[in-house]
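Structure record follows, encoded as structure tokens.
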Amino acid sequence: MPDFVHASREGSIAIVTIDHPPVNAINPLVARQIQARVAEAMADPGVAAVVLTGAGRNFIAGYDIKEFVRITSGAADADVDLGGILDRLEMSPKPLVAAIRGAALGGGLETALACHYRVAAPDAQLGQPEVKLGLIPGAGGPQRLPRLVGSQLAAKMCANGDSITGAAAKELGLVDEVADDPLAAAIALAGRASGPRRVRDMCLEPGAFAAPALPEKVLERMAARHAIAAVECAHRLTFEAGLAEEARLFRECLYSDESKALIHVFLGEREVAKVPGIPAVPAPAVKLAAIVGGGTMGVGIAMTYANAGIGVLLKETTGEALDRAMAAIRGNYDASAAKGRISKEEAGRRIARIQPVLDYERFAEAGIVVEAVFEDMDLKRAVLAEIDAAAAPDAILATNTSSLDIDRIASAVRRPERVVGHHFFSPAHVMRLLEIVRGKETAPEVIGASLALARKLGKVGVVVGNCKGFVGNRMFHCYRREAQFLVEEGAGIQDVDAALTEFGMAMGPLSVGDLAGLDIGWRIRQQHRHLEKPGVRKPLMEDRLCEMGRFGQKTGAGWYLYDATRKRTSDPQVEVLAAEVAAAAGIERRQISRDEIRDRCLLALINEGCRILEEGIAARPVDIDIIYVTGYGFPAWRGGPMKYAELSGWRRAYDRVREFESRHGELWTPAARLLELAGA
Ligand code: NAI
């Protein structure tokens, strides 16, 4: 059995070190080893006190999340019994001191709380972030933490999941000492300590429990409410009874859909980087990136690289266009500095990394070239050919196209195997998603390098296949089309948006259209009219709105009206328009419930997601989920569209799709993959 915990001696002080790379996560094995090594040391008559510490940069970063999945999926026979182990640690007969460097988070902080004294580095990180995974601390944290810092603050820490520094923890009484060398200080403290001082024996502040003031958004989540309830137990109950109630609340969270969804997203963000058939390579040592096109996207992409410490050449066609781009970049950085997100000096350094250029002269020095010119095939092919002539032989040639065929773009160069789609989302320096589009010739190592580079840029890279709209926009098209159909059939505009924001989407589908600009889709539809299949229902409303010059927020009117501050109000005229459009098209109008709105929009998304899986455009459901959570405002606590379908039942999804098919026809034909997943 591997040894993750070892003991050493310094005089009469035993030092027990957790050495479980990379971050000293605990699992049942590590926890049992901690207990065994501490118990052995305690039993040694030559030992006066014990110090518990972590090897490397952290104390304990938390409980191994994969263990939770093993339990809920039935794969692990044992349950989490960290609480029991920590109880026995706390009952140790000689002083037990935690020396904390780096992270003492989740089960790590709970372990430190079971020690009799705590010494932390000033920049150590202490917290109970379990709520971010839909869980509560379940190994005594909610009972011990309030005995040290007071119940209101303890409840707040457990409910919002934010951590505090070692220095702040000292102020609050959570740690006894701060020291730059916490191990040496802990050894000294252990030598002085007169005996065990158990947190369980400490008294809480008198009086009733006062719930912390927290934003409603936080309190909407069951885990946050349960975390507060668990801390309240410390007030109402004995320590033992509090532990029992805390364990019950923990289990309720552990088996909740919320927690399954959040854990799926947490692990999924890592899983998407491991693609079958793609080599895991280190990020290419890119010192210079060249961006062609300094419009909305080029500006954001340039900032993304500059933020990661990488130099940028930003190429435009005219001096004026370059000036505009650089002014936008300066404006964005100044705004960040004004808000205190970065210092003025840092803003200056980032701006200085971006060099405006009008030619390809220095392109041969760049490790990657990203094309972000207008969405026009001929232009993109011409630009790629120019890039081909100028770039180094081993450079990655990336295109930021949002809808064009990567293979056709790649055929304009002599090295199509180096061409890949890097589909950023607007604003590119803010949004975390990067769709990495794989053309038929793209070399696997270019995909692997793109994934590693995405991580270096602070993005979540997800590999997708080449088709119209790739994964995200292709599915979103079906979702937004359904929203329009619903309005035509009689659903209120605000009802459509509200049904989806109530579900948890960051914005409703019609508001998103207004934000992005309705004219973009309208122009594309005008160009592709000849490709439309006769007899298939088309949405009508957005074309009509565009014909009226209502392009959304930028024209002050779209589905809604907007004032100068972009505040939204509803417009009865659009409801009238919907009735007229329906009458002219012979669409029957009726009352439509929010349940139906939600199901139709989401199942349109899910059914298309199933087709995307069938076609291999996305390799796994988790890829789709991460795209939606990181790029489309899908609530993480629902797990993404595919996880949501799984948790609410594939059979239910299938039955509902069949029901819609019988009413609305071929756009609702269930995908073969949906049929398969439903076992129908
Ligand atoms: P934009 O119209 O804001 O910017 C395009 C820029 O390219 C203009 O500044 C233009 O002067 C410049 N340009 C044109 N030809 C050039 C050349 N030969 N050399 C250098 N610069 C040249 O367009 P936007 O929105 O930035 O889109 C760029 C690309 O990104 C398009 O392919 C678009 O489909 C894609 N995209 C756009 C998203 C968005 O939300 N706007 C999201 C994701 C991708």
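The values are calculated or read from the model by the stated rules, or taken from the named source; none is laboratory data. Note that the structure is predicted; figures quoted are calculated from it, not measured. FYI the Cβ positions are ideal-geometry reconstructions off the backbone, even for glycines, and counts take in every protein chain you see.
Here are the numbers for the structure shown:
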item: Residue satisfying condition, being small (G, A, S), within 12 Å of the ligand (Cβ to nearest atom) and either in a helix (DSSP H, G or I) or touching a strand residue (DSSP E or B) at 6+ places or on another chain (Cβ under 9 Å) (or both), within set G421, G448; result: G421
item: Residues located in the range 168-179, provided they are under 29 Å from the mean Cα position of the chain (by Cα) and touching a residue at least 24 places away in the same chain (Cβ under 8 Å); result: A169
item: Exclusive hit being more than 13 Å from the ligand (Cβ to nearest atom), surrounded by 13 or more Cβ atoms within 10 Å (Cβ to Cβ), in a helix (DSSP H, G or I) and hydrophobic (A, V, I, L, M, F, W, C), set I342, I387, I351, I409; result: I351
item: Residues of the range 72-102 classified as surrounded by fewer than 17 Cβ atoms within 10 Å (Cβ to Cβ) and not in a loop (DSSP other than H, G, I, E, B), total; result: 3
item: Selection count, the range 369-383, where residues are surrounded by 15 or more Cβ atoms within 10 Å (Cβ to Cβ) and under 20 Å from G465 (Cα atoms); result: 6
item: So F363, is it touching a residue at least 24 places away in the same chain (Cβ under 8 Å), out of contact with any Leu (no Cβ under 6 Å at 6 or more places or on another chain) and near the ligand (Cβ under 8 Å from one of its atoms); result: no
item: Selected residue (criterion: surrounded by the most Cβ atoms within 10 Å (Cβ to Cβ)) from residues of the range 616-633 that are more than 18 Å from I447 (Cβ to Cβ) and not hydroxyl-bearing (S, T, Y); result: D625
item: The range 367-384, residues that are more than 8 Å from the ligand (Cβ to nearest atom) and among the basic types (K, R); result: R381
item: Residue within the range 515-527 that is surrounded by 21 or more Cβ atoms within 10 Å (Cβ to Cβ), aliphatic (A, V, I, L, M) and under 25 Å from D595 (Cα atoms) present; result: no
item: The range 555-597: number of residues that are at negative phi and surrounded by 13 or more Cβ atoms within 10 Å (Cβ to Cβ); result: 23
item: Qualifying residue in the range 463-473 (condition: assigned to a loop (DSSP other than H, G, I, E, B), at pLDDT below 95 and under 22 Å from the mean Cα position of the chain (by Cα)); result: yes
item: Any chance A283 is within 16 Å of the ligand (Cβ to nearest atom) and either within 22 Å of V462 (Cα to Cα) or touching a Lys or Arg at 6+ places or on another chain (Cβ under 8 Å) (or both); result: no
item: Residue ID - nearest to the ligand (Cβ to nearest atom), chosen from residues in the range 289-302 that are of a type in the set (A, V, I, L, M) and in a helix (DSSP H, G or I); result: M297
item: Meets criteria (modelled with pLDDT of 95 or more, part of a loop (DSSP other than H, G, I, E, B), under 30 Å from V419 (Cβ atoms) and under 29 Å from the mean Cα position of the chain (by Cα)) for V373; result: yes
item: Failed condition for V69, given (1) in a loop (DSSP other than H, G, I, E, B); (2) surrounded by fewer than 20 Cβ atoms within 10 Å (Cβ to Cβ); (3) touching a Lys or Arg at 6+ places or on another chain (Cβ under 9 Å); result: (1)
item: Of residues in the range 535-554 being away from the ligand (no atom under 16 Å from the Cβ) and assigned to a helix (DSSP H, G or I), the one surrounded by the fewest Cβ atoms within 10 Å (Cβ to Cβ); result: E547
item: Members of the range 493-534 that are part of a loop (DSSP other than H, G, I, E, B) and free of Cβ contacts under 8 Å to residues at least 40 places away in the same chain; result: G508, G517, H528, E532, K533, P534
item: Of all residues making up the range 303-323, the number that are in a helix (DSSP H, G or I) and farther than 20 Å from N400 by Cα; result: 3
item: Only one of L113, L82, L29 that is modelled with pLDDT of 95 or more and either touching a helix residue (DSSP H, G or I) at 6+ places or on another chain (Cβ under 6 Å) or under 23 Å from L243 (Cα atoms) (or both); result: L113
item: Hits in the range 424-445 - residues which are more than 13 Å from the ligand (Cβ to nearest atom), among the hydrophobic types (A, V, I, L, M, F, W, C) and touching a strand residue (DSSP E or B) at 6+ places or on another chain (Cβ under 6 Å); result: I436
item: Residues of the range 639-680 classified as under 19 Å from E482 (Cα atoms), in contact (Cβ under 8 Å) with a residue 60 or more places away in the chain and not assigned by TED's automatic domain parsing to the domain that holds L602, total; result: 3
item: Unmet requirement for P393, which otherwise passes all of (1) free of Cβ contacts under 8 Å to residues at least 24 places away in the same chain; (2) under 20 Å from A443 (Cβ atoms); (3) within 7 Å of the ligand (Cβ to nearest atom); result: (3)
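Every residue, every condition in (1) surrounded by 18 or more Cβ atoms within 10 Å (Cβ to Cβ); (2) in contact (Cβ under 8 Å) with a residue 60 or more places away in the chain; (3) more than 16 Å from the ligand (Cβ to nearest atom), yes or no:
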residue: L243; (1), (2), (3): yes, yes, yes
residue: G268; (1), (2), (3): yes, yes, yes
residue: K287; (1), (2), (3): no, yes, yes
residue: T304; (1), (2), (3): yes, yes, no
residue: L314; (1), (2), (3): yes, no, no
residue: R324; (1), (2), (3): no, no, no
